[in-house]
1. Return the total of residues in region 160-186 being part of a helix (DSSP H, G or I) and under 13 Å from Ser129 (Cβ atoms).
2. Kindly provide the set of residues from region 154-197 that are charged (D, E, K, R) and at pLDDT 75 or above, ordered by number.
3. Just to check your reading of the model, which residue among Met72, Met44 is surrounded by 14 or more Cβ atoms within 10 Å (Cβ to Cβ), at pLDDT 85 or above, more than 16 Å from the chain's Cα centre (by Cα) and hydrophobic (A, V, I, L, M, F, W, C)?
4. List the pairs whose first member sits in region 251-265 and is closer than 20 Å to Trp125 by Cα and in contact (Cβ under 8 Å) with a residue 24 or more places away in the chain, whose second member is among the charged types (D, E, K, R) and buried (at least 22 other Cβ atoms within 10 Å of the Cβ), and whose Cβ atoms are under 8 Å apart, counting only residues at least 6 apart or on separate chains?
5. Against the conditions (1) modelled with pLDDT under 75; (2) assigned to a helix (DSSP H, G or I), where does Leu151 fall short? Just the number, please.
6. Any idea which of Ala117, Ala102 is surrounded by fewer than 20 Cβ atoms within 10 Å (Cβ to Cβ) and either closer than 23 Å to Val163 by Cα or basic (Lys, Arg) (or both)?
7. Please list, ordered by residue number, the helices (runs of 4 or more DSSP H) wholly in region 243-326 having 2 or more residues that are among the aromatic types (Phe, Trp, Tyr) and in contact with a Cys (Cβ under 9 Å, 6 or more places away or on another chain).
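The values are calculated or read from the model by the stated rules, or taken from the named source; none is laboratory data. Source: prediction; values computed, not measured. Every residue, glycine among them, receives a Cβ derived from its backbone with ideal geometry; neighbour counts consider all protein chains shown.
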Amino acid sequence: MERNVCLDIAKAICIVLVVIGHYFPADAPMWYVNFRFLIYTFHMPLFLFASGYIYQSFKKEESYMSFVMKKMRRLMVPYLATSVVIITIKLFTQSNLYVEHAVTWFSYVRMFYMPEAGYFLWFVWSLFSMFLIAPLLKTKAVRLSAFFIALLIHYLPFDQMNVFALSETKRMFMWFMLGVFCCDLRIQEKIDVLKRKKYFLYLVIVVAFGFLATYDMREYASCLSWLGIALVMVAASLLEKLPKRNGLMGALLTLSTSSYIIYLFHTTFEGFAKSIVNKLSDGEVLSQMEFFFSAIIVISCGVLFPILLHKFVLVRNSCLKFLFGL
């Protein structure tokens, strides 16, 4: 089935934002702290929105168990394999190198019910939980009802269920169902109509940036999730018109293709790069310019090395392809 290029581009933008957001050293300057806060208001809602939209766009008629088993192979097997790799690396390096979220030997047990290797892996647990529910929502009316229920649950005041990342699922299921709901509304066809009215798109972008420049982001964080999703989808719909041989389009599609592997391994490669930066700086506070260039290096490692791992190692071995959901 033909890929949705607009959503591929949105995923590419989002995975870069995820890698940026997960680099947060203690001496980060205020401009970076604010930029990271902005990213965190919408980057994971966008990922879940895209996941729900893609699921609803390309779902096939198949048995519930067959679907669940495919998601087990695609999500949970890579989760376990990645957890073993990351925990093992941490165990053998944390005594000599700086490691965020140190682990113990018991972490090999905890990974079966907690994102123990790194909290960022909550996303895999949550997405799998959502895929357990989504096939049961057979009609548009039921899916719309599920969206409003997810919206209600999102704002309920309980967030202590860390087992199986249930607290994150409670917060994020709304965005997955928003993607499903927008697919049911055929929202992308409506965006295609609006794309012909360029002045409308320019107005949306100007108003959005005016909003960001005028208001305190922390006061309006809940609004920024919706705004961020809308802006990235508008940007993706504009970039979709680039020729397929354009270098930027090629880079975006490569990022999208490798997005899951980047998500699984970016913190590992970022961690190595960050440890080297810490050793070279000898623990001293970096200047603004030094921080800027070190951030580029660390973030680039978090993006490029997982892509190389995907293209030149994982896809060339049938066992590794199975272990990492390829």
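1. Total meeting the criteria: 13.
2. Residues satisfying the conditions are Glu168, Lys170, Arg171, Asp184.
3. Met72
4. Ser259/Lys11
5. Among (1) modelled with pLDDT under 75; (2) assigned to a helix (DSSP H, G or I), Leu151 violates only (1).
6. On inspection, the qualifying residue turns out to be Ala102.
7. The helices (runs of 4 or more DSSP H) meeting that bar are 259-281.
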